[in-house]
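Below: one structure, written as structure tokens.
The values are calculated or read from the model by the stated rules, or taken from the named source; none is laboratory data. All of these numbers come straight from a predicted model, not from anything done at the bench. All Cβ positions, glycine included, derive from the backbone under ideal geometry; neighbour counts span all protein chains shown.
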Amino acid sequence: MVADCYLAGVSTRRMDKLVKTLGINSLSKSQVSRMATDLDEQVEAFRHRPLDEAGPFTFVTADALTMKVRENGRVINAVVLLATAVNGDGHREVLGMRVATSETGPAWNEFFADLVARGLAGVRLVTSDAHAGLVEAVAANLPGATWQRCRTHYAANLMSICPKSMWPAVKAMLHSVYDQPDAKAVQAQFDRLLDYVGGKLPEVAEHLDAARADILAFTDFPKDVWSQIWSNNPTERLNREIRRRTDAVGIFPNRSAVVRLVGAVLAEQTDEWAEGRRYLGLEVLARCRLSPVTNTSTEVNTDPMLELSA
């Protein structure tokens with residue numbers, strides 16, 4: 001019961017009240033943590049499961065979350081790297097998670113290398129923010145995949161260099177690019193956006209032009225899937241659920257506790273996705289696998305403005 005409450009994000013105070021009805025006088029955080037170790041075996045099996053039977057994984061998203069962890073008598077920020085994908089059956093699933101000291105290129109590279117070793121294959125597109133280390137890891141471990149820069153993260157990056165008075169107009173024009181009916185119209189509207197900002201806001205125009213191939217990579221695929229692949233928004237919803245569960249903990253006693261709770265939440269979410277409706281239909285997935293990918297650019301822009309992360 002304690003393990004189930006722990007997974008559900010019940011606070012220690014509320015859990016203490018619950019167990020008192022069972023004749024237990026008090027329940028400390030350390031006791032809860034020890035009891036919750038029952039989750040370890042299933043979490044480890046989930047994190048290291050083979051992926052090859054569930055593939056190919058046509059579309060992948062990657063993101064990172066910061067967690068507070070106590071180490072050597074002080075509280076530090078650790079990072080949870082995670083990836084989700086659409087599997088061969090059209091359902092979403094969590095591919096894996098890893099706790100790292102910080103979000104760096106080597107950390108992302110190890111993470112993706114492990115996914116590939118476990119059987120990640122058939123990836124056509126990876127959607128993420130513009131963290132340079134993440135993009136480099138995608139290029140190194142998934143050479144046949146295109147990188148899609150998350151449109152939501154990109155809009156935030158662009159807003160940071162755009163004059164506040166001009167942002168509503170620029171934002172509206174940028175959104176209009178994504179509202180077009182086909183790939184040709186998307187490119188044409190992007191040209192109009194560049195013309196609009198070219199004379200008034202040269203820095204914004206340069207920023208847009210440099211990011212063009214990466215934020216419009218989704219146009220290489222059927223329009224049916226554009227809204228599912230052009231941003232990390234579906235993953236952000238998963239992140240909010242993780243936060244809801246972890247906020248009750250606050251500061252984790254160690255990294256193993258992070259793996260235990262976050263891993264259990266991700267395993268539970270994957271089970272729910274598997275039992276729910278398909279995220280993408282099999283017919284459209286088949287067309288996506290046959291789509292000729294013309295944009296394979298994963299060149300890393302070293303401009304710090306392009307490396308802002310969630």
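Key figures
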| quantity | calculated |
| --- | --- |
| Every residue from region 192-202 that is among the charged types (D, E, K, R) and either loosely packed, with under 12 Cβ neighbours inside 10 Å or within 11 Å of residue 173 (Cβ to Cβ) (or both) | 192, 195 |
| Qualifying residue in region 186-204 (condition: part of a helix (DSSP H, G or I), under 24 Å from residue 124 (Cβ atoms) and touching a strand residue (DSSP E or B) at 6+ places or on another chain (Cβ under 6 Å)) | no |
| Selection within region 256-310 - acidic (Asp, Glu) and at pLDDT 80 or above | 268, 271, 272, 275, 283 |
| Boolean, residue 225 is out of contact with any His (no Cβ under 7 Å at 6 or more places or on another chain), crowded, with 22+ Cβ neighbours inside 10 Å, touching a residue at least 24 places away in the same chain (Cβ under 8 Å) and under 30 Å from residue 286 (Cα atoms) | yes |
| Flag for residue 170 being farther than 24 Å from residue 224 by Cβ and surrounded by 13 or more Cβ atoms within 10 Å (Cβ to Cβ) | yes |
| Count of region 145-168 residues which are in contact (Cβ under 8 Å) with a residue 24 or more places away in the chain and among the small types (Gly, Ala, Ser) | 3 |
| Any hit, region 269-280, residues being closer than 23 Å to residue 54 by Cα, surrounded by 15 or more Cβ atoms within 10 Å (Cβ to Cβ) and of a type in the set (S, T, N, Q) | yes |
| Top-ranked residue in region 83-105 [being assigned to a loop (DSSP other than H, G, I, E, B) and β-branched (Val, Ile, Thr); ranked as surrounded by the most Cβ atoms within 10 Å (Cβ to Cβ)] | 104 |
| Output for region 242-255, where each listed residue is modelled with pLDDT of 90 or more and out of contact with any helix residue (DSSP H, G or I) (no Cβ under 6 Å at 6 or more places or on another chain) | 243, 255 |
| Residues that are of a type in the set (Gly, Ala, Ser), free of Cβ contacts under 8 Å to residues at least 24 places away in the same chain and within 16 Å of residue 151 (Cβ to Cβ), drawn from region 169-220 | 172, 176 |
| Exclusive hit being buried (at least 23 other Cβ atoms within 10 Å of the Cβ), closer than 24 Å to residue 245 by Cα and not polar (S, T, N, Q), set 80, 135, 69 | 80 |
| Filtered residues of region 58-73 (kept if in a strand (DSSP E or B) and not charged (D, E, K, R)) | 59, 60, 61, 62, 64, 65, 66, 67, 69 |
| Among the candidates 116, 138, residue that is in contact with a strand residue (DSSP E or B) (Cβ under 7 Å, 6 or more places away or on another chain), touching a residue at least 24 places away in the same chain (Cβ under 8 Å), in a helix (DSSP H, G or I) and of a type outside the set (Phe, Trp, Tyr) | 138 |
| Breaking point among (1) surrounded by 17 or more Cβ atoms within 10 Å (Cβ to Cβ); (2) within 21 Å of the chain's Cα centre (by Cα); (3) more than 17 Å from residue 85 (Cβ to Cβ), for residue 249 | (2) |
| Conditions (1) assigned to a strand (DSSP E or B); (2) buried (at least 20 other Cβ atoms within 10 Å of the Cβ): number failed by residue 108 | (1) |
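Residues are listed down the side, and each one gets a yes or a no for (1) within 22 Å of the chain's Cα centre (by Cα); (2) of a type in the set (A, V, I, L, M); (3) buried (at least 19 other Cβ atoms within 10 Å of the Cβ):
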site: 141; (1), (2), (3): yes, no, yes
site: 157; (1), (2), (3): yes, no, yes
site: 163; (1), (2), (3): no, no, no
site: 183; (1), (2), (3): no, yes, no
site: 209; (1), (2), (3): no, no, no
site: 215; (1), (2), (3): yes, yes, yes
